[in-house]
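Below is one structure, written out as C-alpha cells; comments come after it.
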Amino acid sequence: MTWFVLIFGRFLVAGTPLLLGTIGEIYAEKAGNLNLGVEGMMAVGAISGFAFAHNTGNPWIGFILAGCMGGLLSLVHAFVTISLRANQVVSGLALTMFGVGLSGFIGNEYVGISLVPRFKNVAIPFLSEIPFVGEVLFTRSPVFYIAILLAVVFWYIMFRTKWGIIIRACGENPKTAESAGINVYRVQYTCVLIGGVCAGLAGAYISLYYIPTWIDGMIAGRGWIVIALVILSQWNSLKALFSCYLFGSIYVLQYALQGSFLNPTLLLMMPYLTAVTVLIVDSKKTLKYKTGSPTHLGEPYIK
Amino acid sequence: MARWRIEKREKKSLGFVLMILLLSVASGLLVASIIFFLRGVNPWMALTKIFAGSFGSVYGWKETITKSIPLILIGSGLCIVFSAKFWNIGAEGQLLMGAVGATLFGLFLFPKLNPAILIPLMFLAGFIFGAIWGLIPALLKVKLKINETIVTLMLNYIAAEFILFLIYGPWKGKTQFGFPYTDNFAKSLYLKTFPESRVHIITLAIGIVFAIVCWFLLYKTKFGYEIRITGANPEAGKYSGIKTSKILIFGMLISGGLAGLAGAGEILGIHHRLCQPLTISSGYGFTAIIVAWLGNLNPILVVITSIFFGGLLVGGDAIKSSLGFPHATIEIFNGLILFFLLIGTFFIQYRIRLLNKNEKGIKS
C-alpha cells in the first residue's frame with residue numbers, strides 16, 4: 001500500500017503549484033483583467049525563491065520574497081493595461097517573455113546546485129495518524145496546507161463577502177460599479193497584484209519543494225495550463241481544488257502511461273480541450289448554465 | 001497637484017509614429033542594459049556580442065535571414081487580422097499544423113510523387129492545415145461570439161500535444177533508432193539553400209511575395225479598406241454594409257495559412273522531418289506578434305522588423321556561446337520591447353494635457 005500513498009502524494013505535489021496560480025488568476029480575471037503573464041511570473045517566482053532561500057538558508061524567506069517578485073511584475077502589467085489602457089493579451093505575452101528570459105538570466109549561476117534549505121513535510125498531529133488518508137493528506141509540505149486554505153478563503157471572500165461583490169462588479173460592469181462609488185482602477189490593481197503574488201508563490205513552490213534545484217525553463221508551460229484551468233474551474237476557487245489536482249494527477253500519470261495503451265499526450269491535451277468546450281458552453285446563454293465568466297474580461301475600462 | 005486629462009489624439013503623422021516605434025526599441029534595449037549592468041555584465045559588451053553575432057559576419061547574416069523567414073510569413077498575415085482587431089495569438093499552433101499537413105502529404109500520402117509537384121503540394125497542404133486551424137477561432141468568434149484570444153492560445157497547445165502524439169505514436173520513424181521524430185523526407189524533397197547556409201531560398205521568396213501581396217491587399221484594395229474600418233470602428237463598418245464575419249473568416253484563413261506555410265517551410269528547408277514542436281518553432285508565432293506591431297501593421301515594414309528580430313534570435317545563440325547565458329535571455333529584450341511598444345501605442349493614441357484652473361479635471 002505504500003506505493004498507493006506515494007502516488008497520491010505525487011498527485012498532490014504536482015497539483016499544488018497549479019492551484020496557487022489558478023486561484024490568483026481567478027481574482028485578476030474576475031475583476032476584468034486577463035493576465036497571460038502567469039508563466040513569466042511563475043518563472044521569476046521560482047528563481048527568486050530559489051536564490052533567496054539558497055543565500056539566506058531559509059525557505060520561508062525565499063517563498064515570501066518570491067511572492068513579492070511575482071506581485072512586482074504583475075504591477076507592470078497592471079500599469080500598462082489599466083492606467084495606459086493597453087491590450088491585455090499583448091501585455092501578458094510581454095510579461096511572460098520578460099519573466100522567462102529574466103529567470104534564465106538570473107538563474108544562470110544557480111544551475112546544478114541542489115537546494116539545501118528546502119521545505120520539509122510536516123505531519124499534522126492526530127490527523128496524520130489516520131491510516132492512508134493521514135499519510136496522504138496530512139503529512140505534506142506547509143505550502144500544501146497554505147494553498148488549500150487560500151483556495152477556501154479566496155472562495156469565501158469572492159462569493160460570501162461585500163469585497164467579493166465589489167470585485168465581481170468590476171469584472172461584470174465597471175461603469176455601473178464606478179457610479180456606485182467603487183474605485184474600479186484600485187480594485188483591478190489589487191486583484192492583478194493578488195494574481196501576481198500567487199503566481200510567484202506557485203513558482204517558488206516548484207523550486208523550493210517540487211524540484212528543489214534550478215533548471216532553466218523548469219516552469220515548462222505550467223503557467224499556460226493555469227490559464228486553461230481558470231476556465232475549467234469556471235472562475236471558482238473551490239472548483240479549482242478539483243480541477244487542479246485532477247490535472248496534477250494527469251501530469252504524474254503521463255510518465256506511467258508512456259508506451260501503454262493510452263497515449264499520455266492525448267491526456268495532456270485535456271485541459272486545453274475542456275477549456276475551449278467550457279467557452280462554447282458559456283456562449284450558449286440559452287442553456288441557462290452559468291460558468292461565471294466575467295463579462296468585461298479583457299476590455300480596458302475607460303472612465 | 002497638477003490636474004491633467006487624457007485626450008484622444010486626432011492627427012498622427014507617420015514621422016511621429018515611427019519616432020515612437022524607434023523610441024520603444026531604444027527604451028527596451030536601455031532597460032535590458034540596466035538589468036545586465038545590475039547583474040555585473042557589461043551591457044555594452046553584451047549588446048555588441050548579440051548584434052555582432054547576428055549582423056557582424058556573413059555567417060551571422062545567413063542565420064539571421066534563416067530565422068526571419070517564418071517571421072516574415074507569420075508577421076504579414078498577422079498585419080491583416082490585427083488590423084481588424086482580431087487578436088490571433090495562435091500563429092504558433094497554425095505553424096505547427098502546417099508542418100503536420102506538409103508531413104502528411106510528403107511522407108505518407110504521396111511519397112512517390114515527382115518532387116517538382118510534391119514540394120508545391122506540401123506547401124499547399126501546409127497552407128490549408130494552418131488555415132483550417134485558424135478558421136476554428138474565427139468561426140467560434142463569428143457564430144458564438146467567443147473571445148478569440150483564449151481559443152487561439154489553447155489551440156497552440158492542442159497542436160503541440162497533437163504533434164507529440166504523432167511523433168511518439170503512429171508517425172514515429174522506423175529508421176530513427178527510437179528517437180521521437182518521423183522518418184526523414186526523401187532527399188529530393190530537401191529545399192535548396194543558399195550556399196553554406198540554412199537559408200531556404202524558396203520559402204524566403206514566398207515570404208517576400210506574400211508580404212507584398214498582403215500590403216497590397218491591406219492598403220490598396222476595397223477589402224483591405226473594409227478590414228481597417230472593421231478594426232478602427234466596427235459600428236461604423238456595420239452601418240456602411242461591411243460584413244464583419246466575412247472579413248474575420250477570410251482574414252484568419254490568410255493569417256493561419258501563412259503561418260502554416262512557415263511551418264511547411266521550416267520542416268522542408270531545415271528539419272526534413274516532423275520533430276519536437278519546440279524544435280520546429282522557437283516561439284516564432286509569438287515573436288511575430290512583436291514583429292507585426294513594431295512594423296506598424298504594414299507588411300512591407302514587417303520584412304525589416306522580421307530581420308531585426310531574426311537577428312535577436314541569433315544573438316541569443318551568441319550570448320549563449322560567448323557569455324554562457326541561456327538562450328532564453330534574449331526573451332528579456334523581446335518582452336521589454338513589447339512593453340515599451342504598448343506604452344508607445346498609448347502615446348500614439350492619446351495625449352496627456354495639463355489643465356488650467358477653470359477647466360474640469362475629468363479624464364476622457
Whole-number value, in Å³ per residue, for the convex hull of the alpha carbons of the stretch A:145-199 is 70 Å³
Cross-link partners of B:LYS187 among aspartates and glutamates (Cα-Cα below 16 Å; sequence separation of 8 or more within a chain) | B:GLU266
Value of relative contact order over the stretch B:2-106, rounded to a whole percent, pairs C-alpha under 8 Å and six or more apart = 8 percent
Which one of B:ALA211, B:TYR225, B:HIS271 is farthest out on the positive end of the charge dipole of the stretch B:74-300, using unit charges on Cβ (Lys, Arg +1; Asp, Glu -1) and the Cα centre as origin?
-> B:TYR225
Assigned charges on the beta-carbon of Lys, Arg, Asp, Glu; the stretch B:74-300 dipole about Cα centre (debye) | 440 debye
Charge dipole of chain B built from unit charges on the beta carbon (Lys, Arg +1; Asp, Glu -1), centred at mean Cα; most positive-end Cα among B:MET252, B:GLY178, B:PHE286 is B:MET252
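Could you tell me which trypsin sites (Lys or Arg not before Pro) in the stretch B:60-117 are loop residues by DSSP with no more than 10 other beta carbons within 10 angstrom of their beta carbon?
Numbers: sites: B:LYS62, B:LYS67, B:LYS85, B:LYS112; in loops: B:LYS85, B:LYS112.
Within the stretch B:60-117, the qualifying trypsin sites (Lys or Arg not before Pro) (loop, at most 10 other Cβ atoms within 10 Å) are B:LYS112.
What's the longest bit of chain A with no exposed chymotrypsin sites (Phe, Trp or Tyr not before Pro), using DSSP loop states and at most 15 other Cβ atoms within 10 Å as the test?
My reading of the result: A:133-260 is the longest stretch.
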Of A:LYS175/B:LYS143; A:LYS30/B:LYS222; B:LYS143/B:LYS222; A:LYS30/B:LYS320; B:LYS12/B:LYS62; B:LYS85/B:LYS222, pairs whose Cα-Cα distance is over 29 Å | A:LYS30/B:LYS222; A:LYS30/B:LYS320; B:LYS12/B:LYS62
Taking Cα pairs closer than 8 Å and at least 6 residues apart, the relative contact order of the stretch B:116-190 in percent is 17 percent
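Need one number: buried accessible surface between chains B and A, 1.4 Å probe, both sides summed, DNA, RNA and ligands left out, in Å² to 100.
Values: alone 18000 and 14210 Å², together 27970 Å².
That pair of chains buries around 4200 Å² in total.
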In vacuo Debye sum over C-alpha of the stretch B:252-364, base-10 log of normalised intensity I(q)/I(0) at q = 0.18 Å⁻¹, listed in q order, is -1.05
Where Rh is the Kirkwood radius over the Cα pairs of the stretch B:74-300, the temperature 20 °C and the viscosity 1.002 mPa s, what D in µm²/s does Stokes-Einstein return?
-> 121 µm²/s
Filtering chain B for DSSP H helices with an axial alpha carbon extent of at least 24 Å and a Kyte-Doolittle mean of at least 0.0 returns B:14-38, B:58-83, B:115-144, B:148-168, B:201-220, B:244-266, B:299-323, B:330-349
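In debye, nearest 20, what is the charge dipole magnitude of the protein assembly as shown about its Cα centre with +1 on Lys and Arg Cβ and -1 on Asp and Glu Cβ, if you could check? Working shown, then result.
On the way: 51 positive and 25 negative charges, 385 e Å.
Computed charge dipole of the protein assembly as shown: roughly 1860 debye.
How long is the gain from B:ASN356 to B:LEU14 if the chain were fully straight, where each residue apart is worth 0.36 nm and the alpha carbon distance is subtracted?
Numbers: separation 342, 0.36 × 342 = 123.12 nm, distance 3.01 nm.
Residue separation times 0.36 nm, minus the Cα-Cα distance, leaves 120.1 nm.
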Within chain A: Cβ-based charge dipole about Cα centre, in debye rounded to nearest 20 (Lys, Arg +1; Asp, Glu -1) = 780 debye
Rank A:VAL133, A:ALA66, A:ILE106 by how far each Cα sits towards the positive end of the charge dipole of the stretch A:2-291 (+1 on Lys, Arg Cβ; -1 on Asp, Glu Cβ) and give me just the farthest.
-> A:VAL133
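List the equivalent ellipsoid semi-axes of the stretch B:108-181 in whole Å, largest first, each obtained as the square root of 5λ for an eigenvalue λ of the Cα gyration tensor.
Values: eigenvalues 179, 75, 10 Å².
Computed over the stretch B:108-181, the values are 30, 19, 7 Å.
Tell me, what is the per residue accessible area of the protein assembly as shown in Å², probe radius 1.4 Å?
Working: 27970 Å² over 667 residues.
Dividing the accessible area of the protein assembly as shown by its residue count gives 42 Å².
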Which loop chymotrypsin sites (Phe, Trp or Tyr not before Pro) in the stretch B:171-243, with loop taken from DSSP, have no more than 10 other Cβ atoms within 10 angstrom of their Cβ?
-> B:PHE177
Gap separating the Cα centres of the stretch A:23-71 and the stretch A:120-152, nearest whole Å | 22 Å
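Tell me the relative contact order for chain B as a rounded percent, counting alpha carbon contacts under 8 Å between residues six or more apart. Please list the in-between numbers first.
Numbers: 622 pairs, mean separation 135.3, N = 364.
37 percent.
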Shielding by partners for A:273-281, please: the mean number of other protein chain Cβ atoms within 10 Å of each residue's Cβ.
-> 4
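Could you work out the Kirkwood radius for the stretch A:69-132, taking every pair of different alpha carbons, averaging 1/r and inverting it, reported in Å?
About 15.5 Å for the stretch A:69-132.
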Ordering of A:64-74, B:296-306 by packing [mean C-beta count within 10 Å, highest first] = A:64-74, B:296-306
Put simply, what bits of the stretch A:25-48 lose 10 Å² or more of accessible area when the other protein chains are there, versus the chain on its own (1.4 Å probe)?
-> A:LEU34, A:LEU36
Counting only Cα, what are the radius of gyration and maximum Cα-Cα distance Dmax of the protein assembly as shown, in Å?
-> 24.9, 81
Which residues qualify? For A:VAL122, with a placed amide H closer than 5 Å and at least 5 residues away or on another chain, they are A:ARG140, A:SER141
At 18 Å minimum axial length over the Cα atoms and a Kyte-Doolittle cut of 1.6, report the qualifying DSSP H helices in chain A, or say none.
-> A:142-160
Could you pull out every residue, at least 5 positions away or on a different chain, whose amide H is within less than 5 Å of the one on B:TYR350? Hs are placed 1.01 Å off N in the peptide plane, and Pro or chain starts have none.
-> B:ARG9
Jot down the radius of gyration and Dmax of the stretch A:9-164, Cα atoms only, both in angstrom.
-> 17.5, 56
All alpha-carbon distances of the stretch A:2-291, grouped into 5 Å bins from 0, give the whole-percent distribution 1, 6, 12, 16, 18, 17, 14, 9, 5, 2, 1, 0
How about the stretch A:94-110: which of its residues lose at least 50 Å² of accessible area in the presence of all protein chains relative to their chain isolated, using a 1.4 Å probe?
-> A:ALA94, A:MET97, A:PHE98, A:PHE105, A:ASN108
For A:THR213, which sequence-distant residues (separation of 5 or more, or a different chain) have an amide H within less than 5 Å of its own amide H, given hydrogens modelled in the peptide plane?
-> A:LEU115
Computed, not fitted: 222 nm per-residue ellipticity of the protein assembly as shown from DSSP H runs ≥ 4 (each -39500 (n - 2.57)), nearest 500, equal to -22500 deg cm²/dmol
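For peptide B:338-348, how many partner chain Cβ atoms fall within 10 Å of a residue's Cβ, on average?
On the way: counts 9, 11, 2, 3, 11, 5, 2, 6, 5, 1, 0.
Neighbouring Cβ atoms belonging to other protein chains average 5 per residue here.
Calculate the mean, over all residues of peptide B:159-172, of how many other protein chain Cβ atoms lie within 10 angstrom of the residue's Cβ. Before the final figure, lay out the partial values.
On the way: counts 2, 5, 10, 3, 1, 6, 6, 2, 1, 5, 4, 1, 0, 0.
For this peptide, the per-residue mean of nearby foreign Cβ atoms is 3.
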If you roll a 1.4 Å probe over chain B with all protein chains in place, what percent of the accessible area is carbon or sulfur?
-> 69 percent
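The values are calculated or read from the model by the stated rules, or taken from the named source; none is laboratory data. Since we're looking at a predicted model, the values are computed, not measured. Cβ coordinates were reconstructed from backbone atoms using ideal geometry, including for glycine residues, and neighbour counts include every protein chain displayed. Surface accessibility is based on the protein's heavy atoms, side chains included, excluding ligands, DNA and RNA. Shrake-Rupley method; radii C 1.70, N 1.55, O 1.52, S 1.80 Å.
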